[in-house]
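One structure is given below, encoded as structure tokens.
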């Protein structure tokens, strides 16, 4: 698919100058970075990525994991359309309808969904608080229709009501204040714009062993925890497989082993499955925040915002909420 280039022609305005100051919402101008005269502050631009947050923030573990696993979950690398199919399944959208539209992706990680969105021909603004923006830029910087920003979901440097679609997958349960994160995103979606957001489902009936480990593991420096996960997952994954094969009770027995098991995804080989398992086991254990949400709370937030055509569905361990602003 040929993708139109949304970057400005010579002599026209740089897209960076379409951003606003996250503090005062005032205009920014390009001047050795992005300069807000009202706040007397300059935000750096590093490799075409404007940065509005310090490197040291609550997303540190995600920055570490996605720079370690920059390519792991990209469909273009695995050869399996796992990310594409998840986006379509959860959003209910035809990807063809995104072409030419403006899409806001909140929390991009290494860019597994960024890649899919950019391939549609949409103008994609992808935001992440962590240094994962480096991984995303390295993988998806080839797309001329990508605008990549490092910023907090609570204070995005974007103009209100300026996007046709909002996508936020695998993110808000890891924010300090999930309700605030959820509601803030909708400032940037146009009236009539469509959204898809998912969050871990709060289910207490069948707890997972990892939930008992997290109070300890989230305090371990990311590089040390990652080495521990690398050493233990190759031994734990076969145990998880064996327990998962037990008739009827297998899906519950697997919860006794703190390892992410992706045998249902159809990954191309055992080596790839092991790499995904290492990545997602770390992703389970490392984040500073993990706050699953009940369905009724999501419904209340949607009602607070006056959203329409809202559906909330269970997708494995997630709730997916989608609809129209």
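All of the numbers you see were taken from the coordinates with simple rules; none came from a lab. These numbers come from a predicted model, not from an experiment. In this analysis, Cβ positions are derived from the backbone assuming ideal geometry, glycine residues included, and neighbour counts consider all displayed protein chains.
Structure values in brief
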{"item": "Potential extension, residue 227-residue 313 segment - 0.36 nm per residue separation minus Cα distance", "result": "27.4 nm"}
{"item": "Region 209-285 - Kirkwood radius from inverse mean 1/r over Cα pairs (Å)", "result": "12.8"}
{"item": "Rough spin-label spacing in nm, given labels placed 7 Å along Cα→Cβ, for residue 265 and residue 58", "result": "2.6"}
{"item": "Fraction in percent of alpha-carbon pairs per bin - 5 Å, region 253-325", "result": "3, 12, 17, 16, 15, 12, 12, 8, 3, 0"}
{"item": "290, 105 arranged by Cβ crowding within 10 Å, fewest neighbours leading", "result": "290, 105"}
{"item": "Calculated FRET value between residue 159 and residue 251, using beta carbons and R₀ = 56 Å, to 0.05", "result": "0.75"}
{"item": "Cα-based helix-to-principal-axis angle, 295-305 vs the chain, degrees rounded to 10", "result": "10"}
{"item": "Reference-scaled alpha-carbon Rg (2.2 N^0.38 Å with N residues) for region 2-134", "result": "1.17"}
{"item": "Cα-projected label distance for residue 80 with residue 18, points at 7 Å along beta-carbon direction, nm", "result": "3.6"}
{"item": "C-alpha long axis of helix 82-91 to longest principal axis of the chain, angle in °", "result": "70"}
{"item": "Convex hull volume per residue for the chain, taking Cα atoms only, in Å³", "result": "138"}
